[in-house]
Amino acid sequence: MVRPLEGIRVLDLTIVVAGPVGTGLLGDLGAEVIKVENTVQRQIIGAAPPRRAPGEAPPPMTQAQRAAGFHDLNRSKLGITLNLNLPLARDAFKKLAAKSDVVIDNFSPRVLRNFGLEYDDLVKVKPDIIAVSMPAFGKTGPFRDRTSFGPGIDALSGLSHLTGYPDSTPLKPGNYYCDYNAGVLAATAIMAALFRRRRTGRGQFIEVAMRDGLTQLIGESLIDYALNHRVQQRSANRDPYRAPHDVYRCAGEDSWLAVSVWNDAEWEALCRTMGREDLIADPRFSTILVRKRNESEVDAAVSAWAAHQEHQEAARKLQAAGVRAAPVMTTREIAHDPQFQHRNAFQAVDVEGQAIRLQRPGWLAERANTQISRAPKFSEHTVAVLRDIAGLDDREIRELAAIGGIVLPEVSEVKA
Amino acid sequence: MALEGVSVLDLSEGIAGGYCTKVLAGLGAEVIKIERPGSGDVLRHTPPFKDDLPNPETSALHLHLSMGKKSITLDVGSPSGRSLFLRMLEGADILVESGGPKAMSRAGLGYDTLRDAHPRLILTSITYFGTSGPYADYVMDELTAYSMGGYTYLTGLPDREPIKAGGSQAHYQGGLHAAAGTLAALNLRDLTGEGDHIDTSIVEAICFAHAAMSAYLNTDLVFKRVGARLLSEAPRAMYPSTILACKDGFIHAHYAPADPALLGVLTETPRLGDPDLWDTPRAHADEIDELLSAWLAQFDKYEAVRRAQELRHPFTEVLDPSDLFEDAQFQARGFFRDLEHPVAGLVPHLGPPLQMSETEWRVARAPTLGEHNREVYIEKLGLSVDELSALAAARVV
């Protein structure tokens, strides 16, 4: 079966989280993604080496022992090494670029400028290349050379300001939110550029400034400020127009139920499910306006009921009555959940005989489905890629290895 | 524009569908919002509004999410509305809908039916759980979707109740994944000539965006919320990555990957340069917070970040919406664009989420309800003025 990005080659210089998420998605869709790493192995997220005494070399890890984050972020890619500080390695990179459709990085802008590998340099070897850069703030402006990571951009985009309790510091939304958003956005833009190139024969440069992408997701708060000069504030789970609208502690350790009531009919259904028909006619709760005014009493009633409920069972009962409710799911609960299983949200890839399970993106299709393949070992495909794609001969590959331009995983691959 | 010539019919309502087609419109597709006569998309009726006066043209969500789209009104459920809709489908590449798992098939427009008549059509459905499965018919919203996707459990302080993020992040991610899937289908159609059904789940999309699933699936590790810190509490996990108070607000503090012990130099605090502390930084998180906070108390947020960035510490300011409009980087890049809206007046809008050198992102105001009825019905479908008036009188448009 033909896959959506079949025949597309992506040269991937990205590091940490945002870029690898985007290129992993392109790989899931059938692109040949070549992850280019430096010859010194980075301590990437989720791949911290085991503890060691000062001065002692880290013990070698088998591929299957690597942290889950390693397999996730490097999924569906080939892996090569190139030390781009060396002119010979940069030459090899350009030879690869000449045979590629997309080159992508998420360094701060000065890095590729210093290497001479910016878009203007790449079009000389591949006129229709699509070059993608994912800086934190953009290639222009006073912050362009600042360094920053996803959680810091959550803060700088306004999202942290809106996330938290009314009496707490701003907080961050869960984990790496900014990165995942930028990664999926970049993959989307690349697919649009490929679609366009097929019609015009022209490539282009795409800049996905991570903050610009994240700010979209609180756009309504910004427009509220633009229209009304109102600065929205943190409100935990409260909603200005709905009550109850919160999470309620259930039986069991750190176990919670989310309940959201939009109208009087739903309130009535909630009361019946809780066995509190007495509250239906209670004038303190009969309309949304008074429920909102008496929200702490509303919450007390729901809390008293929830405290004796198992959260998944409580959510099922409320859903059966037509009330918006959900268990606050842990990752363990999600992994065993029948809905996620029904949709095959998690797929296994084989790593040295061990099944590593990873999550696919949020859609199923008749044809344009994602299919995850395993992460590469460090420098696993260096020789094959340089020989078969860049067209280097064995002597050139040996020379690159001798000057530290690449790491040879298995020296025997290159004939002496 | 990148998607020039791509025609999108948008039956969706709400934030997820709105963001999906906002991305498609930004990339250059022609997006025609098909709205209920009289009332239109629920986005138009969702607060806040300009001056807090309910008005279907001035809701913040509508002004933001409907940017660059066209609006027509049509009662697709009526017989004549249905036949107009079917005529419009002839020239459409993509149909986006969010009516619920059974809405399309109930209307006789399920994917199998559509495919038979329009084999190149891409149908993009956006629901909470996808169109099938045990929870497909659950009633949901932002709070419950964010919770189902595992994100609520990961957000908030460890000793307090878990919380949702600000805004409607589950819906936005659902919309983004729907756009990504649609683009995948559009590329595949170039290779095969065949359309597709992109069956998007909002809950799966938000679940995809927290990186905590693979940790459980492969190591049985269940992460939980830890405030503004990174999830891993392993003693050797890097630190700081958190939000701390400064003189006039808050900053996000982050370790310098190349040399975290430089924090001692930045803060002129010898203990923060101690190698022993940096061997197990996460185990010393509280101590680092305390020492760093003492330094931060001297500076306002911009000055603290300026000093940190000078030593290549990736600190950032915590900004609120009013700060963003004053932000030097946004101003230098012209991020906010003043657009004149016939009802809302001159309103600064958000610029593009990304920039493409050859194919500009479309930045244009949201349409008024039915603004493009004449253009679509008369100029495109060839109806006469009288026919359009008759349809309007019958409340079909």
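Rounded to whole Å and ordered largest first, report the semi-axes of the equivalent ellipsoid of the range A:245-330 derived from its Cα gyration tensor (root of 5λ). Don't skip to the answer; put the middle values down first.
Working: eigenvalues 86, 33, 24 Å².
Each semi-axis is the square root of five times an eigenvalue, giving 21, 13, 11 Å.
Using θ = phi - 60° and the Karplus curve 6.51 cos²θ - 1.76 cosθ + 1.60, what whole-Hz ³J(HN,Hα) does each residue of the range A:99-111 get, with Gly and Pro shown as x?
Here the 3J(HN,Hα) series is 10, 10, 9, 9, 10, 9, 9, 9, 6, 6, x, 5, 5 Hz.
At 0.36 nm per residue, minus the direct Cα-Cα distance, what do A:Asp388 and A:Arg272 gain on full extension? Give it in nm, one decimal, please.
Here the segment from A:Asp388 to A:Arg272 would lengthen by 34.9 nm.
Report the far tail of the P(r) of chain A, meaning the percent of Cα-Cα pairs longer than 41 Å.
30
Can you give the convex hull volume of the alpha carbon atoms of the protein assembly as shown per residue, in Å³?
Dividing the Cα hull volume of the protein assembly as shown by its residues yields 159 Å³.
Per DSSP helix of 4 or more residues, -39500 (n - 2.57); summed, then divided by the residues of chain B. What does that give at 222 nm, rounded to the nearest 500?
-10000 deg cm²/dmol
Is there a quick way to get the dipole size of the range A:252-336? I mean about its Cα centre, with the Cβ of Lys and Arg at +1 and of Asp and Glu at -1; what is the value in debye to the nearest 20?
200
Quick check: convex hull of the Cα atoms in the range A:309-416, volume per residue, rounded to a whole Å³?
Once divided by residue count, the hull of the range A:309-416 is 175 Å³.
Of all beta bridges DSSP finds with both residues in the protein assembly as shown, what is the antiparallel percent, to the nearest 5? List each step's numbers first, then the result.
Values: 34 of 74 bridges.
Within the protein assembly as shown, antiparallel bridges account for around 45 percent of the total.
Just how large is the dipole of the range B:254-397 about the Cα centre, in debye to the nearest 20, putting +1 at every Lys and Arg Cβ and -1 at every Asp and Glu Cβ? Numbers along the way, then the final one.
Working: 13 positive and 26 negative charges, 131 e Å.
Dipole magnitude for the range B:254-397 comes out near 620 debye.
How many nm separate the modelled label positions at B:Ala258 and A:Val123, each set 7 Å beyond the Cα in the direction of the Cβ?
The modelled label-to-label distance comes out at 3.1 nm.
May I ask you to sort B:Ser201, A:Ser296, B:Ser83 by Cβ crowding, counting other Cβ atoms within 10 Å and putting the fewest first?
In increasing order of surrounding Cβ atoms, one gets A:Ser296, B:Ser83, B:Ser201.
Could you tell me which of A:Ser296, B:Ala258, A:Leu270 has its Cα farthest along the dipole of the protein assembly as shown towards the positive end, charges placed at Cβ (Lys, Arg +1; Asp, Glu -1), taken about the Cα centre?
B:Ala258
Going highest first, how would you order B:311-320, A:273-282 by mean Cβ packing within 10 Å? Present the calculation step by step, with values, prior to reporting the outcome.
On the way: B:311-320: 23.0, A:273-282: 14.1.
With the highest mean Cβ count within 10 Å placed first, the list reads B:311-320, A:273-282.
At 30 angstrom or more along the helix axis (alpha-carbon based) and mean Kyte-Doolittle of 0.0 or higher, what helices does chain A contain? Whole DSSP H runs only.
Counting only whole DSSP H runs, the qualifying helices are A:177-200.
What is the dipole size for chain A, taken about its Cα centre, with +1 at each Lys and Arg Cβ and -1 at each Asp and Glu Cβ, in debye to the nearest 20? Please list the in-between numbers first.
Details: 52 positive and 50 negative charges, 206 e Å.
Here chain A has a charge dipole of around 980 debye.
List A:Leu217, B:Leu272 from most exposed to least, where exposure is judged by having the fewest other Cβ atoms within 10 Å. Please list the in-between numbers first.
Numbers: A:Leu217 28, B:Leu272 23.
Going from least to most buried by this count: B:Leu272, A:Leu217.
Taking other Cβ within 10 Å of each residue's Cβ, how do A:Met329, B:Met88 sort, fewest first?
Listed from fewest to most nearby Cβ atoms, that is B:Met88, A:Met329.
Taking the range B:34-172, how much of its Cα-Cα pair set, in percent, is spaced more than 28 angstrom apart?
Above the 28 Å cut-off, the range B:34-172 has 33 percent of its Cα pairs.
Going down the table (A:Lys77/A:Lys139; A:Lys139/A:Lys172; A:Lys77/B:Lys22; A:Lys172/A:Lys292; A:Lys94/A:Lys126), which pairs top 20 Å between alpha carbons?
Result: A:Lys77/A:Lys139; A:Lys139/A:Lys172; A:Lys77/B:Lys22; A:Lys172/A:Lys292 exceed 20 Å.
Remind me, relative contact order of chain B in percent, using alpha carbon pairs under 8 angstrom and six or more residues apart?
That works out to 20 percent.
May I ask you to derive the FRET efficiency for B:Thr192 and A:Asn85 from their Cβ-Cβ distance with R0 = 35 Å, giving the value to the nearest 0.05?
E(calc), rounded to 0.05, equals 0.20.
I'd like the Kirkwood hydrodynamic radius of chain B, using the inverse of the mean 1/r over distinct C-alpha pairs, in Å.
23.9
All of the numbers you see were taken from the coordinates with simple rules; none came from a lab. Since the model is a prediction, treat every value here as computed from it, not as a measurement. So basically every Cβ, Gly included, is an ideal-geometry build from the backbone, and we count neighbours across all protein chains shown.
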